[in-house]
Amino acid sequence: MPASFDAITKKPASPDRLPNLQDYSNLVATFDLAQARRFVDGLPGGGLNIAHEAVDRHVQAGRGDKIALRWLGKSGEAREYSYRQLMTDSNRFAAVLSHLGIGRGERVFSLCGRLPALYTAVLGTLKNGSVFSPLFAAFGPEPVRSRMEIGEARLLVTTRSLYRKKVAPWRDELSSLEQVLLIDADDNLPDGCLSLTELMREADPDHPVATTQPDDMALLHFTSGTTGRPKGAIHVHEAVVFHTLTGHYALDLHPDDSYWCTADPGWVTGTSYGIIAPLSLGVTLVVDEAEFDAERWYHILEQQQITVWYTAPTAIRMLMKAGADLAKQHDLSALRFLASVGEPLNPEAVVWGNETFGKPFHDNWWQTETGGIMIANYAAETVKPGSMGRPLPGVKAAIVRRAEDGTVTEITRPGDVGELALQPGWPSMFRGYLHEQARYDKCFAGGWYLSGDLASRDGDGYYWFVGRADDVIKSAGHLIGPFEVESALLEHPGVAEAAVIGIPDEVAGESIKAFIALKPGFSPSDDLRREIQGLARKRLGAAVAPKAIDFRDNLPKTRSGKIMRRLLKARELGLPEGDISTLESDEK
Ligand code: ATP
Ligand code: MG
């Protein structure tokens, strides 16, 4: 990978704030997954329940008054919830479900923004032994309906306006859906809806937690739909073991942290690391209801004294677009650890973080299917900009080649590209795609879980993302990963975002086309195009540099912030667009 980006070595940590993981090689050599259970308590009478680990155990240990959740509303209001309050609120929600006849294993969906009621509903559903499936508030009626149909939703928690626009039009067609609870109900309750506030008021704050077992289904998460039709990944209560372990080692969470995960609970990061891991580790979680705004974000980082910040490449690129000067107007000295997930993090962004905040973003890699972080850069360890880092303790990763006949061989030579594979067995691993056994079975071969992503590993054991198997470009005998090309394009000062695709070429098989969004102060021109192409040729060589560049105001992205290269390609080639249920609405 790019030699122009030097590795970032860490200064020794101060003795009063030692990183949780201080010596990677040593820990990995001695760690086995059986030890991971020490991160959770289990239910007092036996069994395991995510919500008990996240909330109740802190209250029982005398930490009930600690602030668990600090909620920042869109229009400036703030509300605080102690661990004790979260415990009684989630008990009440569990009691509401039980009173309404929602049983163990049955699915409860949410369709709402980042409101306090959402957090109570997740925890309360888990306490009732039911299964929670969160949906993005910005989904249109069809994606909402299809996901609730796949999940056989029994109950939905939503708001008045979302219900009217996105659920009421088809409600009668979904016979499984028995109850709809409105968070902001008023006197005009629509037919078939109940007021959540009313029900909560009457519910038992001491309602007991269901005795769930580690393998009981707990969460149903739909994937981002970047590569095609979203899949409903099943997760179980045992996942909390790994959420907690990874929050401790990969995000370096300490109990006195003020932590902000910018992901929406509508996708897996917003639940695993936006709710479960931080609460299980007893930190104070900051939740912002509003959407991205550079000024607002810096204000939150400063005012909330955020110490650990977990965000995503798209947001980081938007902050870069807004300029480092804006960051410098704020006192961000409380920040201790910065992490990123969801898309490849360009080396440029890691270095920008280091210059702007005095510490780099720590990239980490995982998927809806893995339930938790699998590969990461760690607080005490050297960061190589552009690398996803090294596997978590207890995770065995490999680069493999899958032959036509299904045999899988490990590639051990450093730098060779193959599919990123993981040895099954970590606790947060998905247990199926709901109703899609064949699709699930196809993810496993030769004793490996095959991720569908291509990567390589260097001599130090660091993993480097190349691209999704579907996005890789074959040009003149070369296998070209879009990430490398996009990262080179991002080195041009005018480039805010870049996506590359392969388009059919008679001579080369495929040639590379780039789509670029510019930073403020730059406008599309032939000169600029030539300049960017020149830079790419210098960095990558003529065979790998894009032959064509199109300027766009925005690139199409999923709701979880991922660039949809398949959509750019389909549009370019005039092919069907496929499933676009997760496309950001302003792109439709
Ligand atoms: P779908 O499976 O429906 O196409 P998706 O794969 O985007 O959607 P997610 O599970 O949300 O759904 O995303 C996981 C994928 O995101 C990974 O397989 C990988 O391609 C990408 N990804 C996540 N983190 C990183 C990272 N740090 N570097 C590179 N890619 C990443
Ligand atoms: Mg995927």
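The values are calculated or read from the model by the stated rules, or taken from the named source; none is laboratory data. Please read these numbers as outputs of a predicted model, since none were measured by experiment. Positions of Cβ are backbone-derived with ideal geometry, glycine not excepted, and every protein chain shown enters the neighbour counts. The protein model used for the area step is the full one, side chains on, heavy atoms only, and it has no ligands, DNA or RNA in it. Shrake-Rupley method; radii C 1.70, N 1.55, O 1.52, S 1.80 Å.
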**OP:** Answer yes or no as to whether Tyr449 is within 12 Å of ligand 1 (Cβ to nearest atom), within 22 Å of the chain's Cα centre (by Cα) and either without any contact (Cβ under 8 Å) to a residue 24 or more places away in the chain or closer than 30 Å to Gln35 by Cβ (or both).
**Re:** yes
Original post:
Within the group Gly140, Gly101, Gly129, which residue is open to solvent by less than 40 Å² (accessible area, probe 1.4 Å) and either under 30 Å from Glu80 (Cβ atoms) or modelled with pLDDT of 95 or more (or both)?
Top reply: Gly129
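State yes or no: is Asp550 modelled with pLDDT under 90 and not in a loop (DSSP other than H, G, I, E, B)?
Here the answer is no, as Asp550 does not meet what is asked.
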Subject >> Enumerated helices (runs of 4 or more DSSP H) restricted to region 272-360, each holding at least 3 residues that are of a type in the set (D, E, K, R) >> reply: 294-303
Subject >> Residue list for region 15-45, filter: in a loop (DSSP other than H, G, I, E, B) and open to solvent by 30 Å² or more (accessible area, probe 1.4 Å) >> reply: Leu18, Asn20, Gln22, Asp23, Asp32, Asp41, Pro44, Gly45
Subject >> Positions within region 225-260 being surrounded by 21 or more Cβ atoms within 10 Å (Cβ to Cβ), in a loop (DSSP other than H, G, I, E, B) and among the hydroxyl-bearing types (Ser, Thr, Tyr), in sequence order >> reply: Thr226
Original post:
Yes or no: Val500 under 20 Å from Leu573 (Cα atoms) and β-branched (Val, Ile, Thr)?
Top reply: yes
Original post:
Can you list the strands (runs of 3 or more DSSP E) found entirely within region 425-533 that contain at least 1 residues being among the acidic types (Asp, Glu) and open to solvent by 10 Å² or more (accessible area, probe 1.4 Å)?
Top reply: 448-457, 495-505, 509-518
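Per-residue answers, yes or no, for (1) farther than 22 Å from Phe292 by Cβ; (2) touching a Leu at 6+ places or on another chain (Cβ under 8 Å):
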| position | (1), (2) |
| --- | --- |
| Leu540 | yes, no |
| Ala543 | yes, no |
| Asn554 | no, no |
| Lys562 | no, no |
| Arg565 | no, no |
| Gly578 | yes, yes |
| Ser581 | no, no |
| Glu584 | no, no |
**OP:** Could you list all residues from region 372-384 that are of a type in the set (Gly, Ala, Ser) and more than 10 Å from ligand 1 (Cβ to nearest atom)?
**Re:** Gly372, Ala379, Ala380
Original post:
Considering region 158-190 alone, what residues qualify as being surrounded by 14 or more Cβ atoms within 10 Å (Cβ to Cβ) and part of a loop (DSSP other than H, G, I, E, B)?
Top reply: Thr159, Leu174, Leu177, Glu178, Ile183, Asp184, Ala185, Leu189, Pro190
Original post:
Which members of region 398-440 meet the condition of being within 21 Å of the chain's Cα centre (by Cα) and free of Cβ contacts under 8 Å to residues at least 12 places away in the same chain?
Top reply: Tyr440
**OP:** Name every residue in region 452-474 that is of a type in the set (Lys, Arg) and either in contact with a helix residue (DSSP H, G or I) (Cβ under 9 Å, 6 or more places away or on another chain) or within 13 Å of ligand 1 (Cβ to nearest atom) (or both), in order of residue number.
**Re:** Arg468
